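To start, the structure under review is shown below, and the notes come after it.
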């Protein structure tokens, strides 16, 4: 699926580990297709993540998420031993995306390519083992979500998506 085809949706969720091309694709979509881009920064532990995303999804207009609640299901367990979003909340939020004429887009690439991209972009990168764990975590999460809603998976190693940094 091309960026123009993805732009046919009202709501787009771009997810995947650092270095797969979320920001690059998000910039292209927001610049050329009038999306409001929402980049999800680290949310303090005391704030309710599910409510934060419900409020955003309750708004109007075209929304593009450059990372969101799905990342918490991957990074949370790996970095903190737990996720601050439970599966019931994640499924509810995914269904809210779909109700807004949306799509969940899983961006992925082989860990070695992601590692190279991070080194090129940042001058440093997390270990190949950690990248592999993240890629595996995203595959697991999206496999589960695919039981409830449509998930579009794009291997960015097969596309020209240079990093925006």
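Values in this text are rule-based calculations from the coordinates and carry no lab data. Bear in mind that the values here come from a model prediction, so they are computed numbers and not experimental data.
Which percent of Cα pairs goes in each bin when the distances of the range 1-82 are cut into 10 angstrom slices starting at zero?
P(r) over the range 1-82, rounded to whole percents: 16, 48, 29, 7.
Quick one: Cα centre-to-centre distance for the range 100-114 and the range 33-84, in angstrom?
15
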